[in-house]
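The values are calculated or read from the model by the stated rules, or taken from the named source; none is laboratory data. Predicted, not measured: the structure shown is a model, and the values here were computed from it. Virtual Cβ from ideal backbone geometry, glycine too; neighbours counted across all protein chains shown.
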Amino acid sequence: MRRERFGLSISDVSAATNLRIDYIEAIESLDETALPAIGYSLGFVRTYAKALGMDGNVAVKEYKADIALTKVPLRDAPHVILRRQLRLPRGFLSAVSVASVALMVGLWYGTQSEAIAAPATTPLTAQPNLAELAPAAPILSDDLFTLRTTAPSWVKVTDASGTTLISRIFVTGETWQGPTNGGYRVSVRDAGAVELYHGARLVGPLGEVGEPIDGLTLSLNQ
């Protein structure tokens, strides 16, 4: 399961998405009876998938197909149900890597970083005025701040007006960049897993390993 390969627990995903732990468990096990009405459930699936860098619409489509198969009588599908029940956690979450999706986002918005991930198959909608980079060497300009994860961590960035620019789980080696005059505030689940660069200079990790940080202002005084 891709969540586990990223070293993320269900609690990590719950903290990043505000989804209940039992709902996440139900999504991963295709237990429709443990979820609320289908309209809410599909929204939860979309949120869960986006937190792991996947296309939410594709995830919903796969989930609906898998749930439909679990309702087929056993006599009509003697050996298909058990195999397909496992397809949601190992299918739509492993279909495209988060690094590949980030690569497509970067190319779509004209970033100049050179990605080293495999070609993506499902582009995502990116926030404007952001540079979300795949695990590759970012452009280390003196007028840019760069955040880089050394281990998986939830990362949230807001601008000076308080608008959320990004809020999701970053995989190891993923980076985000923004102008030094942007007035950005950063919240992370694991401060020791997120490094801050000013231009080419490594300022250091945002904090201690395992330490959560809420609303740290990025400034040139750091």
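On the given criteria, is T17 within 23 Å of S187 (Cβ to Cβ) and at pLDDT below 90? Answer is yes for this residue.
Here G183 does not qualify as over 21 Å from L52 (Cβ atoms) and free of Cβ contacts under 8 Å to residues at least 24 places away in the same chain. If you filter the range 198-222 down to residues that are in contact with a Gly (Cβ under 6 Å, 6 or more places away or on another chain) and in a strand (DSSP E or B), you find that the one that is farthest from T149 (Cα to Cα) is I213.
Conditions (1) more than 23 Å from F170 (Cα to Cα); (2) in the same structural domain as I166 (by TED's automatic domain parsing); (3) at pLDDT below 85, marked per residue:
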{"site": "V13", "(1), (2), (3)": "no, no, no"}
{"site": "E25", "(1), (2), (3)": "no, no, no"}
{"site": "K61", "(1), (2), (3)": "yes, no, no"}
{"site": "A77", "(1), (2), (3)": "yes, no, yes"}
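Of the residues that make up the range 13-33, is at least one hydroxyl-bearing (S, T, Y) and under 13 Å from the mean Cα position of the chain (by Cα)? Yes: the range 13-33 contains one or more residues that are hydroxyl-bearing (S, T, Y) and under 13 Å from the mean Cα position of the chain (by Cα).
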